[in-house]
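Here is the structure we will look at.
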Amino acid sequence: MSTKDIKKVNTHPSQNEGLIFEHSSPGKKAYRLRQLDVPAVDAASELGSALRTEAAALPEVSEVEIVRHFTRLSTWNYAVDHGMYPLGSCTMKYNPRVNEYVARLESIAGAHPYQSEASAQGALRIMKTLADALVEICGMDAITLQPAAGAHGEMTGILLMRAYLESKGNPRKKILIPDSAHGTNPATAAMVGYQVENLRSNANGMVDLAALEAQMNEDVAGLMLTNPNTLGIFDAQIGEIAEILHAKGGLLYMDGANMNALVAKARPGDFGVDMMHLNLHKTFSTPHGGGGPGSGPVACKAHLEPFLPKPVVAENADGSLRLDYDRPQSVGRVRAFFGNFGMHVRALAYIMANGPDGLRQTTEDAVLNANYLRKKLEGTFDLPYATPTMHETVFSDKLQNKQGIKTGDIAKRLIDYGFHPYTVSFPMVVHGAMMIEPTESEPLEELDLFVDAMKAIAAECESDPELVKNAPHTTRLSRLDETAAARKPILRWKPEQK
Amino acid sequence: MRYLPKSPDERKLMLDAIGAGSVDELFAPIPERFRFTRDLCLPPQMAESEIVDWFRARAAENANGQQILLGAGAYNHYRPLAIDTLISRGEWFTAYTPYQPEIAQGTLQAIFEFQTMICGLTGMEVANASMYDGSTGAAEAVMMAMRVTGRHEAILARSVHPEYREVIATYAKYQGLPLTEVGFSTNGRVDLEALDKAVTDKTACVLIQSPNFFGTIEDVVAIADIVHAKGALLVVSVAEALSLALVKPPAEADIVALEAQSFGVPLSYGGPYAGVIATREKFIRQIPGRLAGQTTDRDGKRGFVLTLSTREQHIRREKATSNICTNQALVALMVNIYMDVYGKVGLRELAEQNLAKAAYARKTLGAKAKVLFEGAPRFNEFVIEGTADAEAVFTRLSKDKNIVAGLPLKRFYPELGNTSLWCATELTSREAIDTAAEEVAR
C-alpha cells in the first residue's frame, strides 16, 4: 500500500532543530530583570567561600529561539490533540481547555501552601468539593488527595492496609497480586515491606477463585486487584473475592487505573473494596503532560479513615475549612504540602462539566467505543479471551506471527497510518499483547479510520511483511537503537559531542 | 455532554454493529447487585461560563495580589510568559510518556536537555527525568543510598525541611531503615561534632539540605569529609533551586535531590512541582525513575529514547528501584524553558537580586527583631526572633496588609521558641518588607 492510500495523514515537512545548547552564544539573552529597589550587594562578601565561581553550564539564547525551539520540538510529538491515542490502561482522553484556564487563575495558581488558612479558603473549598465528589463516585467514606500519581496512591493505599492490620495486632506478610497486574503493584507492595505472591488467572481472564481460596490465609494482608483488569475484563466474582479476603481478615485494594469503565455505572465501595486509588490524569481528564504530573487520590472505607495521610481538609463549626493535622493514627505524610493541587482543580472542573448524567454517558461511550473496535477487529486479529470486555480490549499478534511479525511491528506501522500505537506486549498474561483503549473521546470517523488502518496492516502482514517489520517509514527517525542506548548510556549533552 | 463526540444516531449505529440492543447490555459483566442505578449526588452539568464563574469565586476567597515573604520549600519567583504559551501546545501537554520514540522525539529531547542542565547546575554527572517533588525525591534518594551501600541506617539533619523528613519517615518505615536526627549549631549549620559521633560504618547515608530549612548554606565539604570517612553516602537536598546559580554546587555529594519549583513552576498551593535526583555515573543502575538517553536511529541520525528501563517497575516489578511510573514531565518542561530564558548569565543575576532583597529584608527586620543563626552564609531566607508573637504577626499581616509573613517555626521546632522563617525574592517589594518590619515590632 502506498502512502496515498492512507486516509488519516499526509507527510508534511517538519523543522529540523538541534539541542538548545547548540544555539548558545555568549551575550544572547531572553530576559530583562526588574529595577532593583534595594541596595545591590556583593555576592562574594555575602557568601564568602560558598560563592559559586564558575557559572552553571546553561545556554545563552534569545526569546525567539526559545519559542521556535520548543515549537519545533513539539511538532515531533504525537498527542491526544492530533487524534486517537489508544494506549491501553493509560486512558488518553480529551483534556478540556477550561480545566487549564481555571487552574491558572492568579490567586489559585499563586497561592502559597503555607499562607494562612483564612486566606486560602478558596483553595481548601476546591479540595473539599473534589474530595466529596470522588467519595461519592467511588462509593467510599473518606479520601486523601495527597498522593502525586497512581503508583504513589498505591503506596498510600497499602500503607493504610498495613496500618489498619497493625492496629488489629498483626500487619501480616504477603500481598496477593494477579499475574495480569501493572508492574507498579508488586513494586508498591515491596516498598511497604510486603512479600508479593502471584495469583493466577483462570481461563476467562479472571481471578481463579479456587487459587485465591487456597492462598488466602492469616499471613496474607490483602489483594491488589485492578477491576476491570488489564484485559478489560470486569471480574464478576468481585463479591466473592471480597468475601474470601474479609473472611480471613484481609483487605481488598482496588487499583483504579481502569475506573473509566465504571464511573456512574458501578461503585467499588458497593462491591467490597476497602480502599482504592484514582488516577485523575486518566479518569478525570487532567492532562498527561508527556509523562506527568498526575494525581492519585486514595479513597477508603470508614475503618481505614483514621489512618489517612495528614493533613486532611476538615470543616469548622462556622462552615469555614481548615487543614486537620491532629490525626494520631495517620500513616504520616506521603508528600510535602497537599498533593498536586493544580490537578485537583482540573479534575473538579471536569466533574462539574459532566454532572451525573455526563459522567454516566462518558463511561457508556468509553465502553461502547472499545466494544465497537473489538467487534470490528475480531477475526483480523487473535482475541485470546472470549470473555466480554469493558473499556479496553486485548488482542494478540498470534495470526501475524506466522510471517514473523510481532505486536511491536504492527504498532510501528500504525504510526505510518497516523495513530499512536496501542500498549505493546502488556498485559504479560497474553503473549504478543495489543492492548487497545480508545476512551470516550473518539468520534466514529476516527474509530473507523483506526479499524481500516489495522485491517490494512493485517493485509500488509500477508502481502509485504518486510514493509511492516521495517516500519515506521514516514517519521523523522525510525527504529532507534535502544540496545546501544542502554549499553553505553549518554544521558547528558557535552560540548565535544557536537 | 459537550466533550463526547457522538450523535444519538451514531451510538445506535455502533450498538447495531456490536449486536447489542442497548448500551446496558455492555455492562452485563457487572453483577446486577453491583450496578449503580441512581444518579450520582453531584451538581448538574455546568456550562463552561458557569465553571469559570465558580472558580473565579473560589479564587476571590483566596488572598488576591498578596506579597509573599515566605518560602519554606515553595518560592515565589516570576514566571516568564513563554513558559505557559509553549507548554499549552497540545503536543506537549496532551501527550504521554514517550514510549514510542519515533513520535515522541520532542518530549525525549526536552528531557535530555533538562537532564543536562540539572547536571550543570548541581555538579552531578547524571540526572533523571523527574520525581514527584523535592520531598519524595529526597526519600527516594535515601532509599537509593541504602541499595548502593547495602547498609540500613540513615541520618537526617534536623535542618532538613520538616515535611520532607516526615515523608522520608513514611517511606523508610517498612524498609527496615531506622532514621536518626542530627541537630544544628548556633550558626544554623549541621552540628559537625554531633554528626561525627553519629555516623558509623552502618550508616547508609546522611541527608542534609542546603540552603537548609533556615536558609543557611551548609559546609558541604566538611560534612562530606565526615560522611565519606565512614563509607557512607552524602545526600544533599536542595529546595531553593535558584540558590545553585550563585552558591557553590554540592559537588562533594553522592546524590542530590532537587526541588525545581523555583524555576518557573507556579506555587499552586503546593503542587504540582518537580523533584529530580542527580548522582554520579557509577550509581546509575540504582537511580529511580525515567532516564532519556541519546542514541541513533537505523540511518545513523541522532535521537533519544527512554533507557535503562530494566531498573523500572514495568520490567522488574517487585525488584524495581522504585514503583514510580508517571512523573512530573510537563513541570520539568517548564523548568527547562525557564533555564533557557534566564540562561547562564541571567540566572546568576537573578540570584544576585534575591541575595540583595534578602539582605535588605534581614537588615530591616533585624532592626526590629533578632536575626538568628548569624555567622554562616545564607541565600534568600533567614530566621528572626521577635518580641511579638510570631503566629499573631503572621495572622495580622495576612489579614490587614495582604502579606504572607514569615512562617512561625514553633509548629515544627518547639525548641526555637518565638521565631519565624522569612524569604525575599526578586518579586518582594521594598515596601512590603518595610511594612512587615513595622508589624514585627508591634
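The values are calculated or read from the model by the stated rules, or taken from the named source; none is laboratory data. None of these values were measured; they are calculated from a predicted model. Positions of Cβ are generated from backbone atoms using ideal geometry, with glycine treated the same way; all protein chains shown enter the neighbour counts. Just so you know, the surface numbers come from the protein's heavy atoms only, side chains and all, with ligands and any DNA or RNA stripped out. Shrake-Rupley method; radii C 1.70, N 1.55, O 1.52, S 1.80 Å.
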Round to the nearest 10 and give me the degree value, 0 to 90, for the angle of helix B:105-122's Cα axis relative to the longest principal axis of chain B. 10 degrees
Once you list every other residue whose beta carbon is under 15 Å from the beta carbon of A:Ala370, what net charge do they have if Lys and Arg are +1 and Asp and Glu are -1? -2
Using the per-residue mean of other Cβ atoms lying within 10 Å as a proxy for protection, in what order, highest first, do the peptides B:406-414, A:333-341 fall? A:333-341, B:406-414
Going from the alpha-carbon gyration tensor of region B:81-337, what semi-axes, largest first and in whole Å, does one get by taking the root of 5 times each eigenvalue? 31, 20, 16
Where does helix B:430-441 land angle-wise versus the long Cα axis of chain B, in degrees 0 to 90, nearest 10? 60 degrees
Could you work out how far helix B:48-61 tilts from the main Cα principal axis of chain B, as a 0 to 90 degree angle to the nearest 10? 20 degrees
Shielding of A:442-453 by partners, i.e. mean partner chain Cβ atoms within 10 Å per residue? 2
Enumerate the calculated ³J(HN,Hα) couplings along region A:424-436 in order (Karplus 6.51 cos²θ - 1.76 cosθ + 1.60, θ = phi - 60°), each rounded to whole Hz, writing x wherever the residue is Gly or Pro. 9, 6, 9, x, 6, 5, 10, 6, x, 5, 10, 9, 10
Within 10 Å, at most 11 other Cβ atoms, and a DSSP state outside H, G, I, E, B define an exposed site. Report the longest part of chain A free of exposed GluC sites (Glu not before Pro). A:219-498
Rg/Rg_ref, chain A, where Rg_ref = 2.2 N^0.38 Å and atoms are Cα: 1.09
Ordering B:269-277, B:187-195 by per-residue average of other C-beta atoms within 10 angstrom, highest first, gives B:269-277, B:187-195
Please sort by residue number the trypsin sites (Lys or Arg not before Pro) in region A:114-174 whose DSSP state is loop and whose Cβ has at most 12 other Cβ atoms within 10 Å. A:Lys168
Please report the equivalent ellipsoid semi-axes of chain B, computed as sqrt(5 x eigenvalue) of the Cα gyration tensor, largest first, in whole Å. 41, 31, 22
Peptide-level mean, for A:260-271, of C-beta atoms on other protein chains within 10 Å: 4
Here the net charge surrounding B:Glu181, from other residues whose Cβ is less than 10 Å away from its Cβ (Lys, Arg +1; Asp, Glu -1), is +2
Can you tell which of B:Asn62, B:Ala194, B:Ile315 lies farthest toward the positive end of the dipole of the protein assembly as shown, using +1 and -1 charges on the Cβ of basic and acidic side chains (Lys, Arg; Asp, Glu)? B:Ala194
In chain B, what % of DSSP beta bridges are antiparallel (nearest 5)? 55 percent
Around B:Leu244, with a cut-off of 11 angstrom between Cβ atoms, what is the net charge of the other residues, counting Lys and Arg +1 and Asp and Glu -1? +2
Proximal lysines relative to A:Lys469, as straight alpha-carbon distance under 28 Å, when same-chain residues fewer than 8 apart are discounted: A:Lys4, A:Lys7, A:Lys8, A:Lys375, A:Lys376, A:Lys398, A:Lys402, A:Lys406, A:Lys412, A:Lys455, A:Lys488, B:Lys301
Would you mind working out the magnitude of the charge dipole of the protein assembly as shown relative to its Cα centre, with +1 at each Lys and Arg C-beta and -1 at each Asp and Glu C-beta, to the nearest 20 Debye? 1180 debye
Cα pair distances exceeding 54 angstrom across the protein assembly as shown, given as percent: 11 percent
Between region B:164-187 and region B:417-436, what's the alpha-carbon centroid distance in Å? 29 Å
Hey, what's the Cα Rg ratio for region B:308-442 versus the globular rule of thumb, 2.2 N^0.38 Å? 1.44
Cut-off under 29 Å on the C-alpha distance; same-chain residues fewer than 8 positions from B:Lys248 excluded. Which lysines are left, in chain and number order? A:Lys28, A:Lys29, A:Lys494, A:Lys498, B:Lys197, B:Lys230, B:Lys282, B:Lys344, B:Lys357, B:Lys363, B:Lys370
Roughly to the nearest percent, how much of the accessible area of the protein assembly as shown is carbon and sulfur, given a 1.4 Å probe? 49 percent
Value of relative contact order over chain A, rounded to a whole percent, pairs C-alpha under 8 Å and six or more apart: 18 percent
Rounded Å value of the spacing that divides the Cα centres of region A:365-415 and region A:283-313: 32 Å
Provide a whole-number value for the mean count of partner chain Cβ atoms within 10 Å of the Cβ atoms in peptide A:122-129. 5
Looking at region A:364-484, I'd like the Rg to Rh ratio, where Rg is from alpha-carbon atoms and Rh is Kirkwood's inverse mean 1/r. 0.96
How much area per residue is accessible in the protein assembly as shown when the probe is 1.4 Å and only protein heavy atoms are counted (Å²)? 32 Å²
With an 8 Å Cα cut-off and a minimum separation of 6 or more residues, compute the relative contact order for chain B in percent. 20 percent
Mind checking the alpha-carbon convex hull of region A:99-352 and giving the volume per residue in Å³? 121 Å³
I'd like the Karplus ³J(HN,Hα) series for region B:305-311: coefficients 6.51, -1.76, 1.60, θ = phi - 60°, whole numbers in Hz, and an x wherever there's a Gly or Pro. 9, 6, 9, 6, 6, 5, 7
What percent does the relative contact order of region A:99-352 come to when contacts are Cα pairs within less than 8 Å and at least six residues apart? 28 percent
Computed, not fitted: 222 nm per-residue ellipticity of chain A from DSSP H runs ≥ 4 (each -39500 (n - 2.57)), nearest 500, equal to -10500 deg cm²/dmol
Rounded Å value of the spacing that divides the Cα centres of region B:195-257 and region B:20-90: 39 Å
Whole-number D in µm²/s for region B:173-314 (Stokes-Einstein; Kirkwood sum over Cα pairs; 10 °C, 1.306 mPa s): 91 µm²/s
Ranked output for segments B:127-138, B:380-391 by mean other Cβ atoms within 10 Å, highest leading, reads B:127-138, B:380-391
Kirkwood-based Rg over Rh for region A:14-74 (C-alpha set), two decimals? 1.13
